[in-house]
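Have a look at the structure below, then the notes.
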Amino acid sequence: MTYEKHLKNAFKNKVMSIIKHPYFGFLVIAALMLFIQLLRIAGVDIPISALRGFGKTMIYIIVGLGFSILLGYGGLASLGTAGFVGSGAYILGYFTTQQGYSVFLIIIITIIFAVILGTIIGFISLRIEGMYLAIITLAIAQIINEVFKNWTSVTNGNDGILVDNKLVIFNQFIQFNHNTIFIIIAVLLFFIMVVTFNIMKSPTGRALLTMRNSSSAAQAMGISIFKFRLLAFIISTIYAMFAGILYGSYFRIVTPTDWTLSFSLLILAAVIVGGSRSIYGIILGSFLVFGLDLVVLQNRDNFGGFFVEHPDITIMFNGLLIILVIMFYRGGLIRLVNTTYLKLKKLFTKYYNKWRVYRYGTDTE
């Protein structure tokens, strides 16, 4: 083997090792989001509504990733997601606008609050399971929403609370615009996908899966149901409230109408449609349930504004997706994508080998 050929093979192997790295796909997704924002900055005519749709969908992906740890790995149903995301957004609004706290201090406060809230619900889940647990979490979310509406001295009631675009960073007021926040969200999405992947592949993820499949088997293997149920709710709540901080930073206004039962159901739909145990499934489901509506259907320049005038059409579309997935692909659409990819790969290999034999003959000839 010549030196040049050796270098070529080494370079090829290096490139393939990078492409096959589990983080590579996460990097590509974040880079695509950044590319869309850079096109807008460069002057390409991308509707602001479409850009906001991408930003909101990325935030909802973060919520879905936390929910996948809870539902896909822990097997624990919850309809309290809206209340948790709203809590994070309101904490940001109150402590920045009215108290002038640093963003980093607000993040610490949010994490502490999320741990407390997740622990409370985790304790409840030890005594209540299934549909009744979902009802309990729904009740908690409704209580939180009523607090948003009626604690006017903090939340400003139904009018909502404004988030100043001048946020305190290291005791300095720094002004952020939507472009900057979009870039921050894309970068944070990449790191959160990496963290989620490591949780899923860690002993914690395997213990949650065992608990999901059989609590009795998990206890027989020495897995603490108490510990991992609390952990699943705490992780999910931290993700949700952190996404709320990003939502408040990006949209700068938080109102109670944003955090209703319909939001919790849509997050549940995104996780089920995409695939509750796959990061790429969560991304696919979020773009189908949220992104398609926000970026394409609700853009007045598309379809003559038909979907703006008939918003129930998108709800019907999401409902149809859930029915089809539950009936035919309970692993989510990511399972369909993976199955189709393997079939196409097998078909390509088959015909490629036939072409090689036709073109070059067999090795024995």
Would you be able to say whether some residue in the stretch 163-182 is over 18 Å from Lys56 (Cβ atoms), assigned to a loop (DSSP other than H, G, I, E, B), out of contact with any strand residue (DSSP E or B) (no Cβ under 8 Å at 6 or more places or on another chain) and at pLDDT below 90? yes
Can you tell me which residues in the stretch 114-127 are in contact with a helix residue (DSSP H, G or I) (Cβ under 7 Å, 6 or more places away or on another chain) and in contact (Cβ under 8 Å) with a residue 24 or more places away in the chain? Ala114, Val115, Leu117, Gly118, Thr119, Ile121, Gly122, Ser125, Leu126
Single unsatisfied condition, Ile19 versus (1) modelled with pLDDT of 85 or more; (2) among the β-branched types (Val, Ile, Thr); (3) outside the structural domain of Ile181 (by TED's automatic domain parsing): (1)
Tally of residues being closer than 16 Å to Leu133 by Cβ and either outside the structural domain of Ile144 (by TED's automatic domain parsing) or of a type in the set (Phe, Trp, Tyr) (or both) across the stretch 54-103: 3
Just the residues that are buried (at least 24 other Cβ atoms within 10 Å of the Cβ) and of a type in the set (A, V, I, L, M, F, W, C), please, taken from the stretch 77-109. Ala82, Phe84, Val85, Ala89, Leu92
Being buried (at least 23 other Cβ atoms within 10 Å of the Cβ) and either in contact with a Pro (Cβ under 8 Å, 6 or more places away or on another chain) or at pLDDT 85 or above (or both) is the filter here, so list the residues in the stretch 288-309 that pass it. Val289, Phe290
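With the condition being within 30 Å of Leu324 (Cβ to Cβ) and either within 16 Å of the chain's Cα centre (by Cα) or at pLDDT 90 or above (or both), I'd like the helices (runs of 4 or more DSSP H) fully within the stretch 200-283 carrying at least 2 qualifying residues.
Answer list for the stretch 200-283: 203-213, 225-251, 261-274.
Let's see how each residue does on (1) in contact (Cβ under 8 Å) with a residue 60 or more places away in the chain; (2) over 26 Å from Phe228 (Cα atoms); (3) not in a helix (DSSP H, G or I):
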position	(1), (2), (3)
Lys5	no, yes, no
Lys14	no, yes, no
Ile18	no, yes, no
Leu27	yes, yes, no
Leu32	no, yes, no
Phe67	yes, no, no
Ala82	yes, no, no
Output for the stretch 123-141, where each listed residue is farther than 16 Å from Leu71 by Cα and of a type in the set (D, E, K, R): Arg127
Tally, over the stretch 34-55, of residues that are free of Cβ contacts under 8 Å to residues at least 60 places away in the same chain and small (Gly, Ala, Ser): 2
Among residues belonging to the stretch 22-74 that are more than 19 Å from Leu265 (Cα to Cα) and polar (S, T, N, Q), point out the one that is surrounded by the most Cβ atoms within 10 Å (Cβ to Cβ). Gln37
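The values are calculated or read from the model by the stated rules, or taken from the named source; none is laboratory data. Since the structure is predicted, the reported quantities are computational estimates derived from the model, not experimental observations. Note that we place each Cβ from the backbone using ideal geometry, even for glycine, and neighbour counts take in every protein chain shown.
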